[in-house]
1. Among the residues of the range 254-265, is there at least one that is hydroxyl-bearing (S, T, Y) and either surrounded by fewer than 19 Cβ atoms within 10 Å (Cβ to Cβ) or modelled with pLDDT of 90 or more (or both)?
2. Please indicate, with yes or no, whether at least one residue in the range 117-124 is in contact with a Gly (Cβ under 6 Å, 6 or more places away or on another chain) and modelled with pLDDT of 75 or more.
3. Quick check on my filter: what residues within the range 150-168 are within 16 Å of the chain's Cα centre (by Cα) and open to solvent by less than 10 Å² (accessible area, probe 1.4 Å)?
4. Considering each of A220, A224, A194 in turn, give the residue that is crowded, with 24+ Cβ neighbours inside 10 Å, within 16 Å of the chain's Cα centre (by Cα) and in a helix (DSSP H, G or I).
5. State whether one or more residues within the range 93-109 are surrounded by 22 or more Cβ atoms within 10 Å (Cβ to Cβ), at pLDDT 75 or above and under 22 Å from T236 (Cα atoms).
6. What are the residues in the range 67-92 that are open to solvent by 70 Å² or more (accessible area, probe 1.4 Å) and either touching a Leu at 6+ places or on another chain (Cβ under 6 Å) or over 12 Å from G197 (Cα atoms) (or both), if any?
7. Any residue in the range 149-163 that is within 17 Å of L107 (Cβ to Cβ), touching a Cys at 6+ places or on another chain (Cβ under 8 Å), modelled with pLDDT of 70 or more and of a type in the set (G, A, S)?
8. Kindly evaluate T242 against the criterion of being in contact with a helix residue (DSSP H, G or I) (Cβ under 7 Å, 6 or more places away or on another chain) and open to solvent by less than 10 Å² (accessible area, probe 1.4 Å).
Amino acid sequence: MKGRGKTYPGHWVADGVLLGVSAFWGTSFAIVKEALPLTTPANFLFIRFAMACLFLLPLAWARRETFSRELLWKGGVIGIFLFTAFLTQTWGLAFTSASRSGFLTGLSVILVPLLSILILRQMPGRLPLIGALLAFTGLYLLSAADQVQALPFNIGDVLTLVCAVLWAGHILALGRFSPGGDTFGLAFLQLLTAGVGSLIWAGSMGELDFRLPPSVYGSALYLAVACTILAYLGQTWAQARTSPTRTAVILSLEPVFAAFFAWYWIGEKMGPWGWAGAGCILAGILMVEAGKRA
C-alpha cells in the first residue's frame, strides 16, 4: 500500500478474503430471521459462538503453549469489542427498525477513518476518505431509502449508534494487533470472549434453552462455521495485510450481498434506490483501489 499511510504486503489477496467475509455475512440475515422466532437473540448468539469455539478447541488446545499473556489480553480486548457490538445491535433492534439499524451500524464505515486519524494517528489519504463517504452514502440508500415506517429517534437508535462505534473499534483493534500476530490465536480468543459474554448475557436473562428444533441448530451450525470461524479467521488474517479504512469500505458490501441473497432465496426486491446504494458502495471500493495505485 502506497501513500501517506502504512505499507501492507499482499493487500490484493486480503481484499479478496474480506470480500468473501462480506459475502458470508450477507447470507446470515435471512438465516437469523428464520431462527429468531424459535429462540431468543441471547440464546441463539450463545449457541452460535459456543459451537464455533468447540470446533476450534482441539486446535487451540494443541497450540496452547503459544498463547502468551500478551496474546490473551489482545484477543480479550478484540473479543470485548466483538461481543458488545453484537449485544448493543441486538438490544437496539428491540426498539428500532431493521432498516434504520442497518444504516446506523453502517456508520462504522465513516467512523473507522476518523478514529484512525484520532487514535492510530494514521491518515487514510484523500481517495480512501472519498471512498468511505461514497460507501456511507450507499449504505444510506440501500438500508434507509425504502423504509416505510418513520420512527422517532429512540433508545434503540442510541444503542445502535454505540454498536457502530464498537464495530469501528473492533476493526481498529484488529488493525492494531493483527499485523505480525497469531491469526488463529487472535481469532479463537475473540470468539471465546464473545461466547463467554453471550453465556453471561443469556444466563442473567434466564434465557438459556437447549430444547430447540433441529432447524435452529442447523442455522447456528452454518453461522458458526461460515459466518464465525471462517469469517473471523479471514478478517483477522486480512487485517494484518490491509488498512482499517480499506477493511471498513470492503465490509460495507455486506448489505449488498444481503440484498442479493434475499432476492435470490426469498424473492425480495431491492428497488431502484437500493440498486443506487449498491452502486455507490461499489464506487467507493473502486475509489479506495484507485487510492492504492496513486
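1. yes
2. No, because not a single residue in the range 117-124 is in contact with a Gly (Cβ under 6 Å, 6 or more places away or on another chain) and modelled with pLDDT of 75 or more.
3. Passing the criteria: T160, C163, A164, A168.
4. The conditions single out A194.
5. yes
6. Once the filter is applied, which keeps residues that are open to solvent by 70 Å² or more (accessible area, probe 1.4 Å) and either touching a Leu at 6+ places or on another chain (Cβ under 6 Å) or over 12 Å from G197 (Cα atoms) (or both), the range 67-92 yields R69, E70, L72, W73, W91.
7. Within the range 149-163, none of the residues are within 17 Å of L107 (Cβ to Cβ), touching a Cys at 6+ places or on another chain (Cβ under 8 Å), modelled with pLDDT of 70 or more and of a type in the set (G, A, S).
8. yes
The values are calculated or read from the model by the stated rules, or taken from the named source; none is laboratory data. Everything numeric in this text was worked out from a predicted model, so none of it was measured. Quick reminder, even Gly has a Cβ in these numbers, built from the backbone with ideal geometry, and neighbours come from all protein chains shown. Ligands, DNA and RNA are stripped out before the accessible areas are found, and what is left, the full protein with its side chains, is counted by its heavy atoms. Shrake-Rupley method; radii C 1.70, N 1.55, O 1.52, S 1.80 Å.
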